[in-house]
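Below is one structure, written out as structure tokens; the observations come after it.
Each reported figure results from applying straightforward, stated rules to the coordinates on display, with no laboratory input. These numbers come from a predicted model, not from an experiment. We place every Cβ from the backbone using ideal geometry, glycine too, and count neighbours over all the protein chains shown.
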Amino acid sequence: MVVLSALPWVASAGVLSGTLWLALAIDHWFGEPPPRWHPVVWMGNYLDWSARCIPTPPLQAFATGALAWCFGAGVVFFVAMELQRLLLELPAWATIASMTLLLKPLLAWRMLRCEVVAVEVALGASLDAGRARLARLVSRDVAALTESEVRESAIESLAENLNDSVVAPIFWFMLFGLPGAVFYRFANTADAMWGYRGMRGGRDWTWAGKWAARADDVLSWVPARITAVLLMVSGRPSLAMLRAWCALRREATRTPSPNSGWPMAAMALSLGVRLGKPGVYALNAAGRPPVAAETARAVVLGHRVVLALAAIGTATALSWSRLAS
């Protein structure tokens with residue numbers, strides 16, 4: 001109770017849950033704000049600028065990359081903390097409205113599902129169109145992908161980014177309020193831009209992006225497994241779900257990432273399809289190749305996860321509010 005009373009945003013379940021539901025509603029109705037007003041775009045601009053200052057030698061690259069990451073993360077956390085402190089002094093309705101405007105850009109479910117559906121629509125026109133549309137969504141080489149592999153990549157991206165763009169920001173928002181969500185989105189953006197092994201964009205990120213990659217691994221560890229559990233619960237009857245737990249644990253470890261394999265494996269098992277990256281891994285390899293209907297089913301499962309997470313968040317807020325009072 002002492003710890004909870006020190007966290008002011010848990011004192012009012014209405015503020016916490018109201019902000020969460022309203023942010024998801026605005027995302028559903030309106031999607032993303034213009035780039036010039038988007039905090040994640042601002043984070044990306046900082047990371048792009050600071051990347052030019054990172055030297056080439058491995059140890060210097062690691063130290064400079066870590067320092068640039070810590071500085072950026074510290075700034076966004078401090079700014080969010082101060083904004084939250086000021087907003088919590090307003091009337092409840094004004095706090096919810098203001099916090100919603102700040103939380104919404106950190107959640108991107110509408111944009112994610114629209115991009116994935118757009119890949120399927122493009123595939124319906126031609127394989128080349130599907131590849132071109134997929135290239136906007138993933139960093140892998142799409143030039144040689146078959147129709148099934150394009151669809152697999154799109155569904156994988158939906159599962160992985162469901163965690164990165166929705167579940168994890170909400171998880172950290174529930175724990176630490178707006179600073180938690182902002183801190184996570186900075187870490188995830190840094191990993192997306194810097195967290196590569198080998199060459200990308202004309203430079204070797206093996207050491208320069210190592211801190212960013214490991215930080216995202218730590219912050220995403222719990223949310224990735226929550227995403228996987230919610231996908232399994234949303235996609236399978238109880239008996240089939242119970243039989244799938246061991247398979248989920250086995251399949252999730254097939255990917256190089258310690259986290260992304262969990263939601264992707266859960267999606268593959270829930271849909272009963274094969275998902276994979278050619279030459280790297282295959283999830284649920286015995287499953288059937290996905291067809292167009294599987295993309296729509298994946299979007300439905302993702303939507304169920306978002307609603308379930310919001311409901312869990314509301315219940316958690318009510319529990320914390322009672323404990324803090």
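Worth pointing out:
- Dipole of the stretch 2-324, positive end: most advanced residue of Pro58, Ala311, Phe176 [Cβ charges, Cα centre]: Ala311
- For Asp48 and Ile312, the difference between the fully extended length at 0.36 nm per residue and the C-alpha to C-alpha distance is 91.4 nm.
- Across the stretch 122-278, Cα pairs under 8 Å and at least six residues apart give a relative contact order of 22 percent.
- Hz values of 3J(HN,Hα) by residue in the stretch 288-300 - Karplus curve (6.51, -1.76, 1.60), Gly and Pro given as x: 7, x, x, 10, 4, 5, 5, 4, 4, 5, 5, 5, 4
- CD proxy at 222 nm, helix term only [per DSSP H run n ≥ 4: -39500 (n - 2.57); per residue of the chain; nearest 500]: -24000 deg cm²/dmol
- With a Förster radius of 41 Å applied to the C-beta separation of Arg214 and Ala92, the computed FRET efficiency comes to 0.55.
- The stretch between Arg85 and Val121 holds 8.5 nm of extra length on full extension. This uses 0.36 nm per residue minus the Cα-Cα distance.
- Part-to-part distance (alpha-carbon centres) for the stretch 94-129 and the stretch 196-274, which is given in Å: 20 Å
- Cα gyration tensor shape of the stretch 210-321, rounded if a/c is under 1.5, else prolate or oblate by comparing a/b with b/c: oblate
- Computed on the chain, with alpha-carbon pairs under 8 angstrom and 6+ residues apart, the relative contact order is 23 percent.
- Burial order of peptide ranges 160-172, 106-118, 78-90 (average beta-carbon count within 10 Å, highest first): 160-172, 106-118, 78-90
- Likely footprinting exposure, Val182, Val306, fewest C-beta neighbours within 10 Å first: Val306, Val182
- Anisotropy class of the chain from Cα gyration tensor, a/c 1.5 cut: oblate
- Phe71 versus His38: modelled label distance in nm, points set 7 Å from Cα along the beta carbon direction: 2.5 nm
- The residue among Ala296, Pro39, Ala268 whose Cα reaches farthest toward the positive pole of the charge dipole of the chain, with charges on the beta-carbon of Lys, Arg, Asp and Glu, is Ala268.
- Rounded to the nearest 20 debye, dipole of the chain from Cβ charges on Lys, Arg, Asp, Glu: 500 debye
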